[in-house]
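One structure is given here, and the rest of the page talks about it.
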There are 2 protein chains.
Amino acid sequence: MPLEALRADITPAGLHYVLIHYDVPFLDESTHALSLEGFDRPLSLTLDELRSRPSVTMPATFECAGNGRALFDARPFSQPWLLEAVGTAEWSGTPLAGVLHDAGVPGGTGELLFTGVDRGVEGGEEQSYERALSLEEAMRDEVLLVYAMNGRALPPQHGGPLRLLVPGWYGMTNVKWLARITALSAPYEGYQNAVAYRLRTDPDERGEPVSRMRVRSLMAPPGIPTFPERERVVPSGQTTLEGRAWSGTAPIERVEVSVDGCERWADAALEPAPSPYAWHRWTFDWTATPGIHEVACRATDADGVTQPLEAEPNLGGYANNAVHRVRVSVTDRPRRISAS
Amino acid sequence: MPLEALRADITPAGLHYVLIHYDVPFLDESTHALSLEGFDRPLSLTLDELRSRPSVTMPATFECAGNGRALFDARPFSQPWLLEAVGTAEWSGTPLAGVLHDAGVPGGTGELLFTGVDRGVEGGEEQSYERALSLEEAMRDEVLLVYAMNGRALPPQHGGPLRLLVPGWYGMTNVKWLARITALSAPYEGYQNAVAYRLRTDPDERGEPVSRMRVRSLMAPPGIPTFPERERVVPSGQTTLEGRAWSGTAPIERVEVSVDGCERWADAALEPAPSPYAWHRWTFDWTATPGIHEVACRATDADGVTQPLEAEPNLGGYANNAVHRVRVSVTDRPRRISAS
């Protein structure tokens, strides 16, 4: 998502970030079905059947666990995201809990395994993309089986015709092209839970699993860009800085802005979020004076957690929620404007 | 566009490539207008007025002039595209020639200048993105003022609410967020025509302008990918290779495939294109044997021009239409398939 799209509450279609482990499958929604296996009453549900169930529409913010990876000094080997792996969509689907209730969760089930259709080779292992989630998290009211995005059928690259939505968690949780849910009585030890998406600083360490999105804010790029470097050029005078803030662990309570390289901070104006699971807009009025400046933003959530100046590195390059710093060149000589 | 989308005639919404010199402007289509300046009867046309004019819907293939740039040995400094900067959409708009007729092109007009709303700094010069096109090319029947893409309002990142479409030309010609057309009596010497988008091997050379798309074919990635390297793993046995071929200079006449590292070539089956300005699908049946193979495709157009094994480099990294080569690892031991 180009960061100028931070100006929109709901990320316009085609601008929401996409991270795809393998290839995009192009599926036929008239024949695709979701099977529930290992339940008291195994089910197979078509898209029509899912759409006829109770429907919820909810704005939710997604962020890739690897967003900011390329900004770690060590540049971990994987998708080299800068800061664009984020977006907010209006997702429509049916609550997962109701489907689980109908299927009957067997006693002793600790986790559910969500399996997508996409296949590839990762860590030397051929696999379908699949992730397990604790039954407790999966039963939360806000967890949905999603079939529409921004009022339209879920597009192929976002998991169409069916994906999981676990608001508040990093993107890898929201399994796309969802084909199967399996009730598990033993902890899942598959690749995407046990090997990938863990916070390690030593390859031999097991590491904590990546889960909910850390508190974060980003700024829409002020002024106009250079091409192709994308440095920012801002006219001197009054300008409004703006951006978004979100957290998967607690509500956002505060956003601050620094215009002097993170020396001093001042409160930004914070607007209500469109849902408990979507980002807040923030704004900050700045009188820009000619010269080079570093502007920055940081958010704090209701647990009192504030974004750090530098995030602790980890081998996977996950969860880099460091303060967003933007270097801007302020000029007091507006040049020729050729378009009105 | 992830190359698996080469399997679709029309690139699904959100998967078509996007190259944006500056930031995406988010414009209000109810107030946006196109002005025609320097004409006999200067006009200002709203979107409603443009939509009430004769309408044409046409599939057309677009490719960025920089597609393949990162595959040149010299890695020219700009957007480091591999091969994904291509797509085909169904564009709807009104023929430009009719609008020009109503405005009255003054005698002595040699070129028209198309100016977008997007602004940035490039080559040290603050500018709106704008490109000139000869009157002769601009008057062609297939040149459109486009307000819809794949049956929906043109999205912001594709130039919404209004862009130029010059089928057959590289992407830079199709000015987005179009705000003004100016009739010029002298050759235009602005940045995007005189400095950028020229084929140079010496910085002091003026160079030939980049114009129509060179003959090219690409292959949808066979088999399944590795993550994150995106190497290809293919099961042994019968497999169908497929892809697309297009040219901005003459109709496609032939596509050939090599499965032995470009030593020998055999004809692929070529399907009709959905329009004279859109790509053709091609297919090729291959019996894959275990081991490492290099498969490749090349197209030939009606002028007898065939894609080269290596394209001649140029400083901008433009128009790299070299043969598409894909290294695949064929295995005869299918591993566990966990999704049905």
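Quick look at the values:
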{"read-out": "Restricting region B:226-274 to residues that are under 20 Å from B:Leu309 (Cβ atoms) and among the aromatic types (Phe, Trp, Tyr), the residue that is farthest from the other protein chains (Cβ to nearest Cβ)", "value": "B:Trp265"}
{"read-out": "Residue that is farthest from the other protein chains (Cβ to nearest Cβ) [pool: residues in region B:203-225 that are in a strand (DSSP E or B) and without any contact (Cβ under 8 Å) to a residue 40 or more places away in the chain]", "value": "B:Glu208"}
{"read-out": "When residues of region A:239-287 are limited to those that are over 24 Å from the mean Cα position of the chain (by Cα) and outside any strand (DSSP E or B), the one surrounded by the most Cβ atoms within 10 Å (Cβ to Cβ)", "value": "A:Val259"}
{"read-out": "Check on B:His293, surrounded by 13 or more Cβ atoms within 10 Å (Cβ to Cβ) and over 29 Å from B:Val56 (Cβ atoms)", "value": "yes"}
{"read-out": "Residue list for region B:30-43, restricted to those being within 13 Å of chain A (Cβ to nearest Cβ) and part of a loop (DSSP other than H, G, I, E, B)", "value": "B:Thr31, B:His32"}
{"read-out": "Subset of region B:215-242 (residues that are touching a Cys at 6+ places or on another chain (Cβ under 6 Å) and small (Gly, Ala, Ser))", "value": "B:Ser217"}
{"read-out": "Residue satisfying all of: in region A:223-275; out of contact with any helix residue (DSSP H, G or I) (no Cβ under 7 Å at 6 or more places or on another chain) and acidic (Asp, Glu); farthest from A:Asn320 (Cα to Cα) among these", "value": "A:Glu271"}
{"read-out": "Listing of strands (runs of 3 or more DSSP E) fully contained in region B:86-148 that carry 1 or more residues being basic (Lys, Arg) and within 14 Å of another protein chain (Cβ to nearest Cβ)", "value": "B:111-122, B:125-134"}
{"read-out": "Residues of region A:10-52 satisfying the condition of being of a type in the set (D, E, K, R) and either free of Cβ contacts under 8 Å to residues at least 12 places away in the same chain or more than 24 Å from B:Pro225 (Cβ to Cβ) (or both)", "value": "A:Asp28, A:Glu37, A:Asp40, A:Arg41, A:Asp48, A:Glu49, A:Arg51"}
{"read-out": "Checking A:Arg7 against (1) within 14 Å of chain B (Cβ to nearest Cβ); (2) surrounded by fewer than 17 Cβ atoms within 10 Å (Cβ to Cβ); (3) free of Cβ contacts under 8 Å to residues at least 24 places away in the same chain, the condition it does not meet", "value": "(3)"}
{"read-out": "Among the residues listed as A:Ala186, A:Ala196, A:Ala179, the single one being in a loop (DSSP other than H, G, I, E, B), within 13 Å of another protein chain (Cβ to nearest Cβ), at negative phi and not acidic (Asp, Glu)", "value": "A:Ala196"}
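Results for (1) among the aliphatic types (A, V, I, L, M); (2) over 30 Å from B:Asp141 (Cα atoms), shown as yes or no for each residue.
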residue: B:Trp282; (1), (2): no, no
residue: B:Thr287; (1), (2): no, yes
residue: B:Val295; (1), (2): yes, yes
residue: B:Thr306; (1), (2): no, no
residue: B:Ala319; (1), (2): yes, no
residue: B:Arg325; (1), (2): no, yes
residue: B:Asp332; (1), (2): no, yes
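Readers should treat all values here as calculations from the given coordinates under stated rules, not as data from a laboratory. Computed from a predicted model, the values in this text were never measured in an experiment. FYI the Cβ positions are ideal-geometry reconstructions off the backbone, even for glycines, and counts take in every protein chain you see.
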